[in-house]
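Take a look at the structure below.
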Amino acid sequence: MESNNGGGSAALIGSSGTVILSPPQQQQQTVDVHQLPCCIKSNGPSDVSNYFKPKSSGIEVDGGLELKEAFYRGRNLQGFTVPLPEGYSGFIIGKKNSNKDKTKKTAGTGKAPEISSNSSENHWETLAKCGNMTFWNHDSLPSQDDASMRVFHWFAVAKALHEPVSAEELT
């Protein structure tokens with residue numbers, strides 16, 4: 001993506017990189033994914049299953065989705081689990097740490113290697129896989145109209161855009 005900064009020259013915005021979706025020699029771990037209505041300022045591992053224990057409420061909402069209940073720091077949360085559509089997979093990815101210096105190739109030139117300054121190059125790897133997501137609210141019952149649930153509407157749009165069209169349908 002380029003942007004014109006008013007001076008007639010264009011500046012590059014964004015970054016590029018690679019995403020490795022199936023690490024070799026590792027069994028893909030399947031995890032539960034929860035979207036909580038809060039910000040948790042931690043990126044490290046946590047034994048969440050010992051403290052966050054959702055339970056079924058026995059109530060169905062929005063076309064048969066089972067309402068779940070849980071508590072986080074004393075706040076009552078209500079949510080439901082939505083499976084990913086057929087043919088889709090969810091991945092948890094993390095930035096791949098590289099302890100190696102990135103160097104430009106200088107073999108055979110008699111020059112010392114230069115350290116590359118390409119800091120926009122990112123490498124990501126798969127940490128786990130998921131087949132469903134649980135969305136939580138704390139002020140209202142969850143519904144298909146929640147902002148986070150509207151993402152799932154795009155699966156139908158994507159399917160319609162990529163589905164083959166016959167000649168009869170075009171007329």
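Specify the residue that is nearest to PRO142 (Cα to Cα); the eligible residues are those in the range 42-70 that are in a strand (DSSP E or B), within 24 Å of the chain's Cα centre (by Cα) and at pLDDT 90 or above. Lay out the reasoning, then the answer.
Of the range 42-70, the ones in a strand (DSSP E or B) are 55-61, 65-70.
Narrowing the set further to residues that are within 24 Å of the chain's Cα centre (by Cα) leaves 65-70.
Those still in the list that are at pLDDT 90 or above too: 66-70.
On the way: GLU66: 10, LEU67: 8, LYS68: 10, GLU69: 11, ALA70: 13 Å.
Only one residue fits best here, namely LEU67.
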Kindly establish whether SER89 is among the hydroxyl-bearing types (Ser, Thr, Tyr), surrounded by fewer than 10 Cβ atoms within 10 Å (Cβ to Cβ) and within 16 Å of ASP32 (Cα to Cα). no
Counting just the residues of the range 115-157 that are among the aliphatic types (A, V, I, L, M) and surrounded by 12 or more Cβ atoms within 10 Å (Cβ to Cβ), which one comes out modelled with the highest pLDDT? MET133
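The values are calculated or read from the model by the stated rules, or taken from the named source; none is laboratory data. The structure presented is a predicted model; accordingly, all values stated were derived computationally and were not measured. Counting neighbours? That spans all protein chains shown, and the Cβs are built from the backbone with ideal geometry, glycine included.
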